[in-house]
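Engineer: Structure provided below as structure tokens; questions to follow.
The values are calculated or read from the model by the stated rules, or taken from the named source; none is laboratory data. Remember, it's a predicted structure, so these values are computed and weren't measured experimentally. Every residue, glycine as well, gets a Cβ built from its backbone with ideal geometry; the counts of neighbours run over all protein chains shown. To get the accessible areas, we keep the full protein, side chains included, count just its heavy atoms, and leave off ligands, DNA and RNA. Shrake-Rupley method; radii C 1.70, N 1.55, O 1.52, S 1.80 Å.
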Amino acid sequence: MALEKFNDSFLRACRSEPVGRTPVWFMRQAGRSLPGYRALREKYDVLTLARTPELAAQVSMEPIGLLGVDAAILFADIMLLPLAMGVDLKIVDATGPVIEKPVVSMGDIEALASLDPAHVEYLAQTIKILRGELNVPLIGFSGAPFTLASYLIEGKPTRQWIKTKRFMMEQPVAWSRLMEKLSESIVVYLSTQIDAGAQAVQLFDSWVGCLSPSDYRAYVLPYVQRIFSALAGKKVPRIHFGTDTGAMLRDFADVDCEVIGLDWRVDIAQAKAAVGAKAVQGNLDPVVLLGDEKIIKENVDRIFTSLPSRNGFIFNLGHGVLPETNDTTLKKLVEYIHEK
Ligand code: CP3
């Protein structure tokens, strides 16, 4: 049972309230390179780990003690939602999600089941275990409709998203049906996590930056707006994250949420100006952490110097921790941020 005082600095920063120390956590801090996770992965695959509450909770807890971060993230994967909607998929080592029969037509979209919360009951159980153990807030998450659609249509990870963009432009009616179905299920998925005890939620639109700003507005933004608005009544901070979204930040500002996640391709002062009253989270290039202490401190200092105010800022990387990152580097970085 957690006896230490609850550390709410992350939640306060999400709401742009004053904080004693800048909160820090890392996207993809659970899993990846941590020793306890690697040991579990010798015995279980990722999906088994994520769907076994006691093990998933253990993976989410590991970075809290080891690194001293100010928030925990649920150990899950964005592909658990499509899996629960009946998509036949695998997570292949060193590749990522692979889908047996990618989406090519309206018929494939109509065949997707709407999410029944009973199919993700394991997540609610993991969240309940974690809330009994943690003294930092727990973040739930989902993939955003564009990023999920891109895996469903491409069938495997890609860097160009050609099939996805062609589908979007050439089959606009089917595309809107797909976005609608994914969005409805995302709302149920995130609501289930919040009702079980997640204290904040993050929508990962990892790949949406591949679109032009006008296509983003036409084909994606309305669905993202609907998702965030539907969660407003839940009263937990909502984080909207994407990479390569510098040209879309003003559109991101039009979404009803508390925090915008930034990658490293944007200047944090300019980004903060573009998103108005919302808090920002990011924006260190994960590659910096492969460098020495001098390189790391210079890059971290630059972020703090650019920031107009300490309020409404959550330190994070601009994207997930790279698997080759050293735990000691992460731990020292957390200490450095807390001393600033
Ligand atoms: O902090 C965490 O790691 C929490 C759990 C988490 C996982 N996936 C577990 C996982 C989170 C937050 C995710 C999100 C996720 N998954 C995203 C969005 C964030 C991002 O990185 O942009 C995306 C695009 C995915 C899809 C996915 N799952 C990919 C591309 C891969 C393979 C490459 C990789 O390592 O990220 C996965 C597998 C996966 N999901 C692993 C983990 C820990 C790696 C499994 C392993 O080899 O041990």
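Engineer: Please work out how much length the chain gains when fully extended from GLU133 to ALA253, using 0.36 nm per residue of separation minus the C-alpha to C-alpha distance, in nm with one decimal.
Structural biologist: Details: separation 120, 0.36 × 120 = 43.20 nm, distance 3.46 nm.
Gain on extension, GLU133 to ALA253, equals 39.7 nm.
Engineer: Counting pairs of alpha carbon atoms under 8 Å apart in space and at least six apart in sequence, what relative contact order in percent does the chain give?
Structural biologist: 22 percent
Engineer: Could I ask something else about it? Find out how many positive minus negative residues lie around PRO35, taking Lys and Arg as positive, Asp and Glu as negative, among other residues whose Cβ is under 15 Å from that of PRO35.
Structural biologist: +1
Engineer: What are the ³J(HN,Hα) values, in whole Hz, obtained from phi via the Karplus relation 6.51 cos²θ - 1.76 cosθ + 1.60 with θ = phi - 60°, for each residue of the range 95-105 in sequence order, with x given for Gly and Pro?
Structural biologist: 10, x, x, 10, 10, 4, 10, x, 6, 10, 9
Engineer: Taking the highest mean first, how do the peptides 151-159, 8-16 order by number of other beta carbon atoms within 10 angstrom per residue?
Structural biologist: 8-16, 151-159
Engineer: A further question follows. Near the amide H of GLY261, under 5 Å away, which other amide H atoms are found, from residues 5 or more places off or on another chain, if H is placed in the peptide plane?
Structural biologist: Sorted by chain and number, the residues that satisfy this are HIS240, PHE241, GLY242, GLN281.
Engineer: Also, quick follow-up: Where the accessible area of the range 9-339 is counted over protein heavy atoms with a 1.4 Å probe, how much of it, in %, is carbon and sulfur? Show your work: numbers first, answer last.
Structural biologist: Details: 6610 of 13040 Å².
Reported share for carbon and sulfur atoms: 51 percent.
Engineer: Next question. Taking the Cα centre of each part, how many Å lie between the range 265-340 and the range 81-117?
Structural biologist: First find each Cα centre; the distance between them is then 34 Å.
Engineer: Please compute the length gained on full extension between THR158 and ARG302, using 0.36 nm multiplied by the number of residues separating them and subtracting their Cα-Cα distance.
Structural biologist: 48.6 nm
Engineer: Return the tail of the calculated pair distribution for the range 1-107, meaning the percent of Cα-Cα pairs more than 16 Å apart. Kindly include the intermediate steps, with their values, before the conclusion.
Structural biologist: Values: 3769 of 5671 pairs.
So the pairs more than 16 Å apart make up 66 percent of the total in the range 1-107.
Engineer: Now a separate question. State the dimensionless ratio Rg/Rh of the range 64-208 (Rg: radius of gyration of Cα atoms; Rh: Kirkwood radius).
Structural biologist: Working: Rg = 16.0 Å, Rh = 16.0 Å.
Taking Rg over the Kirkwood Rh, I get 1.00.
Engineer: Could you give the length gained on full extension between ARG310 and ALA94, defined as 0.36 nm per residue of separation minus the Cα-Cα distance, in nm?
Structural biologist: Full-extension gain reported as 74.0 nm.
Engineer: Taking the DSSP beta bridges in the range 9-339 as the whole, what percent of them are antiparallel, to the nearest 5?
Structural biologist: Details: 4 of 28 bridges.
If I count the DSSP bridges inside the range 9-339, around 15 percent turn out antiparallel.
Engineer: To continue, here is another question. Let me check the size of the range 162-202 from its C-alpha atoms; what are the radius of gyration and Dmax in Å?
Structural biologist: 14.3, 41
Engineer: Per q in 0.17, 0.18, 0.19 Å⁻¹, report the Debye log10 I(q)/I(0) for the range 216-309, using one uniform scatterer on each alpha carbon and no solvent.
Structural biologist: Values returned for q = 0.17, 0.18, 0.19 Å⁻¹ are -0.76, -0.83, -0.89.
Engineer: I've got another one for you. Could you please report the charge total around ALA84, scoring K, R as +1 and D, E as -1 over all other residues with beta-carbon less than 14 angstrom from its beta-carbon?
Structural biologist: -3
Engineer: Quick one: plug the Kirkwood hydrodynamic radius of the range 9-339 (C-alpha pairs) into Stokes-Einstein at 4 °C, 1.567 mPa s, and report D in µm²/s.
Structural biologist: Working: Rh = 20.0 Å.
Approximately 65 µm²/s, per Stokes-Einstein.
Engineer: So, for the range 9-339, what is the accessible surface per residue at a probe of 1.4 Å, expressed in square angstrom?
Structural biologist: 39 Å²
Engineer: How many percent of all Cα-Cα pairs in the range 65-141 sit more than 19 Å apart?
Structural biologist: 52 percent
Engineer: Show me the helices of the chain, taken as full DSSP H stretches, that run 27 Å or more along their long axis by Cα and average 0.0 or above in Kyte-Doolittle hydropathy.
Structural biologist: Correct list, ordered by number: 172-196.
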